[in-house]
Amino acid sequence: MDWTQRLAIVSDEAAPAFAEAVSISMPLGIRAYEVRNLYVARVPYVSEEAVAEVLSQVAEHGLTLIGISPGFCKRLLDDPATETELQVGLPRAFALMDRLDVRTITLFSYRRTARETPIPPQVADLLHRAAEACRQEGVRLLLENSPSCWGDTGAHLAEVARAIGSEVTWDPANAAASGEVAYPDGYKGVRGLVAHVHLKNWHPEAGNVYLNDGVVDLGEQLRALEADAYHGYYCIESHRWDDPVATQKNTQQLLAWLRSLDRSEGC
């Protein structure tokens with residue numbers, strides 16, 4: 001199987017300029033891109049020049065844009081900007097998505113204030129509004145787990161996602177950083193909800209590390225996703241901002257893990 005067809009990257013993980021990110025990623029076999037930051041700004045608050053660069057690169061190289069991640073719904077529930085994101089930010093994101101011809105947006109689940117506190121009902125209330133706006137625009141909404149948010153672990157992410165009827169972007173390393181055994185425990189929570197996967201690894205002493213070096217059992221996680229008929233992308237999100245070889249190393253390691261699935265099936 002040509003696993004490069006299932007590779008993707010959050011573009012600014014390779015480089016802040018989209019054209020540079022493409023020049024780094026394409027030789028590794030990556031032709032699908034999630035758009036988050038362009039230069040110094042996060043979507044949708046990016047310059048016309050940055051948008052034009054993305055469109056030009058897509059046309060020139062026949063690339064696939066798989067979605068945007070504006071970072072919405074990471075604030076405290078009572079932050080005044082939380083309302084602004086819903087009323088102003090989301091419509092602006094939809095307009096940008098129309099220009100980029102993408103129909104998937106990733107949101108979060110608001111800033112967690114205590115690790116053991118039950119998820120407040122207001123989280124689902126606010127995200128219901130976002131979900132309804134997405135439905136009206138024909139946009140697919142995904143919720144991503146983050147250590148700083150109420151949906152931090154697989155169990156918590158699934159609780160929020162089921163409350164609003166959404167699918168999820170599953171980040172096993174973020175679940176591990178939140179204190180959960182990401183696989184198999186966290187994955188049990190989100191199983192059946194996963195529409196997109198972000199990949200890095202995490203170690204309690206080193207933070208975000210290469211795929212081969214952390215506490216998440218990515219080999220078994222990938223095997224389980226394939227067994228459960230996951231057909232989406234495996235998206236590199238190294239989070240190693242000062243490491244110029246992170247994209248290359250993580251992509252090579254990911255391909256090795258995926259190709260090992262072919263070998264095991266042939267035995």
Taking segment 190-241 on its own, how many of its residues are touching a Cys at 6+ places or on another chain (Cβ under 9 Å) and of a type outside the set (Val, Ile, Thr)?
-> 3
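For residues that are surrounded by 18 or more Cβ atoms within 10 Å (Cβ to Cβ) and aliphatic (A, V, I, L, M), scanning just segment 170-192, find the one that is farthest from Lys249 (Cα to Cα). I'd like the intermediate steps shown before the answer.
As a first pass, look at segment 170-192 and keep what is surrounded by 18 or more Cβ atoms within 10 Å (Cβ to Cβ): 170-178, 180, 182-183, 186-187, 189-190.
Subset that is aliphatic (A, V, I, L, M): 173, 175-177, 182, 190.
Numbers: Ala173: 17, Ala175: 22, Ala176: 21, Ala177: 21, Ala182: 22, Val190: 28 Å.
The qualifying residue farthest from Lys249 (Cα to Cα) is Val190.
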Candidate set from segment 30-44 (those that are part of a loop (DSSP other than H, G, I, E, B) and open to solvent by 20 Å² or more (accessible area, probe 1.4 Å)); member that is modelled with the lowest pLDDT = Val40
Which residue, of Leu261, Leu254, is surrounded by 11 or more Cβ atoms within 10 Å (Cβ to Cβ) and either on the phi > 0 side of the Ramachandran plot or at pLDDT below 95 (or both)?
-> Leu261
Here are some conditions: (1) of a type outside the set (Lys, Arg); (2) within 22 Å of Ser25 (Cα to Cα); (3) open to solvent by 20 Å² or more (accessible area, probe 1.4 Å); (4) free of Cβ contacts under 8 Å to residues at least 40 places away in the same chain. Tyr210 meets all but one. Which one does it not meet?
-> (4)
Filtered residue count, segment 4-29, keeping only those that are open to solvent by 10 Å² or more (accessible area, probe 1.4 Å) and either hydrophobic (A, V, I, L, M, F, W, C) or more than 16 Å from the chain's Cα centre (by Cα) (or both) = 13
Given (1) assigned to a loop (DSSP other than H, G, I, E, B); (2) open to solvent by 60 Å² or more (accessible area, probe 1.4 Å); (3) under 20 Å from Pro184 (Cβ atoms); (4) of a type outside the set (A, V, I, L, M, F, W, C), number of the condition Gly232 does not satisfy | (2)
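The values are calculated or read from the model by the stated rules, or taken from the named source; none is laboratory data. Quantities reported herein were computed from a predicted structural model and do not represent experimental measurements. Ideal geometry is used to build each Cβ from the backbone, glycine not excepted, and the neighbour counts take in all protein chains shown. Protein only, heavy atoms only, side chains kept; ligands, DNA and RNA dropped before computing areas. Shrake-Rupley method; radii C 1.70, N 1.55, O 1.52, S 1.80 Å.
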